[in-house]
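The values are calculated or read from the model by the stated rules, or taken from the named source; none is laboratory data. On a predicted model such as this, the values are computed, not experimentally measured, just so you know. Cβ coordinates were reconstructed from backbone atoms using ideal geometry, including for glycine residues, and neighbour counts include every protein chain displayed. The protein model used for the area step is the full one, side chains on, heavy atoms only, and it has no ligands, DNA or RNA in it. Shrake-Rupley method; radii C 1.70, N 1.55, O 1.52, S 1.80 Å.
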Amino acid sequence: MPLQSKFLSQLDAHSERLISLFKKRGGQIGKRLASIMAAMAEDDDVDLGRECIIKALCVYLNEDPENLVREYVAADEALIQGSIEETTVGIYAFKQREADIPDNIGIVLEGQVVLQELDNVALAAAMLFGLMFALNLDYPPELRTIHVTNITSYGNVFKEVMTNDKCSTDDRCTSL
């Protein structure tokens, strides 16, 4: 099964429903969701839209999107390297300025860059989930809910992983 195309097509297929859920959410989480989704309204770029939906999904599930996607804007190389070495699992995006498109998007596992120069954050997310599954790695607690939701929401790409998962009955996951 082609992971990249399956993940991205399922993300696109569920996007409208997810956006509708995000708009209905109130309170502080609703405000955070609105600020993330505002970038989508300003730009018709498909890749940016997918990135916004992935980040908003983290917020909707009460997780910090920085635990999944960490952006570095014109930062010192030593600072970036130190941050990467402290990362267990995640995606990084290097930018020259805040408003710029990332120059480099990659994946970090156990403090090591394992993939780099990826085209966009959504592709990096697909590759990250695929690597985690293929290498049979445990997800860090701060990414547990987003991982399970990605599996269930995006067409059960990794259906086999769900057999012993506690979150399968979590209302936040099943409502998606």
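Taking the range 20-122 and the helices (runs of 4 or more DSSP H) fully enclosed by it, the elements with 3 or more residues that are touching a residue at least 40 places away in the same chain (Cβ under 8 Å), within 29 Å of Leu135 (Cα to Cα) and open to solvent by less than 70 Å² (accessible area, probe 1.4 Å) are at 46-60.
Could you run through the range 107-160 and say how many residues are of a type in the set (Val, Ile, Thr) and modelled with pLDDT under 85?
Adding up the residues that qualify gives 7.
Answer yes if at least one residue in the range 91-104 is under 18 Å from Leu3 (Cα atoms) and either at pLDDT 90 or above or in contact with a Phe, Trp or Tyr (Cβ under 6 Å, 6 or more places away or on another chain) (or both), and no otherwise. So far as the range 91-104 goes, yes, one or more of its residues are under 18 Å from Leu3 (Cα atoms) and either at pLDDT 90 or above or in contact with a Phe, Trp or Tyr (Cβ under 6 Å, 6 or more places away or on another chain) (or both). The residue that is most open to solvent (accessible area, probe 1.4 Å), counting only those in the range 123-139 that are without any contact (Cβ under 8 Å) to a residue 60 or more places away in the chain and small (Gly, Ala, Ser), is Ala134. Looking only at residues in the range 1-19 that are of a type in the set (D, E, K, R) and surrounded by 12 or more Cβ atoms within 10 Å (Cβ to Cβ), the one that is nearest to the chain's Cα centre (by Cα) is Asp12.
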